[in-house]
Amino acid sequence: MTSETTQTERVTAETENENERLRQLITRARVVLWDFDGPICNLFAGHPAEQVANDLVDWLGGRGLHGLLTDAERQALDPQTVLRALHRRHRHSDLVAEAGERLTQAELKAAVSARPTAYADPLIRTWTAVGSRLAITTNNHPRAVVAYLDSRGTTSCFAPHVYGRTEDPHLLKPDPDCLNRALNAMGCEPSAALMIGDAPTDFVAAAQAGVPFLGYARNERKAKPLRDAGAQCLVDSLLPVLESVRTGRS
Ligand SMILES: [Mg+2]
């Protein structure tokens, strides 16, 4: 046996193990909890999140509150980071409420030009058709999620189970709050659910809720932080998930 053959056999065995792990995750899931931005669509495809973050920073600056954020928080270019930071310093204030509403308006605008993730729509429909129940567990505002789902005709696959950002930014993932709300409302044990997410915060929230996790990472840049956080089952496309749902439940 050549070393080349051994290598090929090892890769084949690893692939089979991964396929089996994926199949098990999928067949055990009665309820599927989806992160929104990433696994379902690229929300900020036409309206970059960096611009939304900069707009929030400029709005604070216009109110003479530039110093509320650290340089690192400003440079993160992430609107959720800005919101969380404001909340840490001014819990439940009108300022946090207004920043949250600004972010929601930006997400609603972004939803119009969001780009669907490849195979997400057929996977959502197929999973629903085979009898699984679906929910959205996201850090985005439910209004933006529903606006997007309406535009794709998939709202009925999830409604009424859309759990997103509330007026309490400290409950955003990695806090498991939105997952727990979904599990409670759907009467589902954590072990009978599956979370699909694309960020370490999704993995941490799922782990805290006791929910098995499937990572979606379309490239190595997205995969590494998930693996570093401890995620063990990753896919770089939703196609193998779709194929597994089709064959596994037929
Ligand atoms: Mg995401």
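Taken together, the values in this text are just the output of simple stated rules run on the coordinates, not laboratory data. Everything numeric in this text was worked out from a predicted model, so none of it was measured. FYI the Cβ positions are ideal-geometry reconstructions off the backbone, even for glycines, and counts take in every protein chain you see.
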### Task
For Glu167 paired with Gln208, estimate the spin-label separation in nm (one decimal), with each label point 7 Å from Cα along the Cα-to-Cβ line.
2.2 nm
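For the peptides 108-118, 35-45, what is the packing order when you average, over each peptide's residues, the other Cβ atoms within 10 Å and list the highest mean first? Before the final figure, lay out the partial values.
Values: 108-118: 17.0, 35-45: 22.0.
By packing density, highest mean first, the sequence is 35-45, 108-118.
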### Query
Looking at Ala110, Pro240, Ser191, which one has the Cα that reaches farthest to the positive end of the dipole of the chain (charges on Cβ: Lys, Arg +1; Asp, Glu -1)?
Ser191
### Query
For the stretch 201-207, in order, what is each residue's ³J(HN,Hα) by Karplus, 6.51 cos²θ - 1.76 cosθ + 1.60 with θ = phi - 60°, in whole Hz (x at glycine and Pro)?
5, 5, 5, 5, 4, 5, 4
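Over the chain, what lengths in whole Å, largest first, do the semi-axes of the equivalent ellipsoid take, defined as the square roots of 5 times the eigenvalues of the alpha-carbon gyration tensor?
Working: eigenvalues 231, 88, 55 Å².
Those come to 34, 21, 17 Å.
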### Query
So what is log10(I(q)/I(0)) for the stretch 49-112 at q = 0.12, 0.15, 0.21 1/Å, when the Debye sum runs over its Cα atoms only?
-0.25, -0.39, -0.78
### Summary
Rounded to the nearest 0.05, FRET efficiency between Asn42 and Thr70 (Cβ-Cβ, R0 25 Å) equals 0.35
### Message
On a full-extension model of 0.36 nm per residue, what is the gain between Gln7 and Arg63, subtracting their alpha-carbon distance, rounded to one decimal in nm?
### Response
14.0 nm
### Estimated distance in nm for a label pair at Cys233 and Thr247, the labels positioned 7 Å out from Cα along Cα-to-Cβ
1.5 nm
### Message
As I understand it, the value is the acute angle between the Cα axis of helix 94-112 and the longest principal axis of the Cα atoms of the chain; what does it come to in degrees, rounded to 10?
### Response
50 degrees
### Task
Could you work out how far helix 177-186 tilts from the main Cα principal axis of the chain, as a 0 to 90 degree angle to the nearest 10?
60 degrees
### Query
Roughly what would the spin-label model give for Asn219 and Leu77, points 7 Å off Cα along C-beta, in nm?
1.3 nm
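Any idea what the dipole of the stretch 79-129 comes to, in debye rounded to 20, about its Cα centre with Lys/Arg Cβ at +1 and Asp/Glu Cβ at -1?
Working: 8 positive and 5 negative charges, 42 e Å.
Dipole magnitude for the stretch 79-129 comes out near 200 debye.
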### Summary
Any residue on another chain or 5+ positions along whose placed amide H is under 5 Å from the amide H of Leu234 is listed here as Gly215
### Message
Given R₀ = 35 Å, what would the calculated FRET efficiency be for His92 paired with Arg21, taking r from the Cβ atoms and rounding to 0.05?
### Response
0.25
### Message
Nearest 10 degrees is fine. How inclined is helix 79-89 to the longest principal axis of the chain, computing both from alpha carbons?
### Response
60 degrees
### Task
Towards the positive end of the charge dipole of the chain, with charges on Cβ (+1 Lys, Arg; -1 Asp, Glu), say which of Val57, Pro174, Thr138 has the farthest Cα.
Thr138
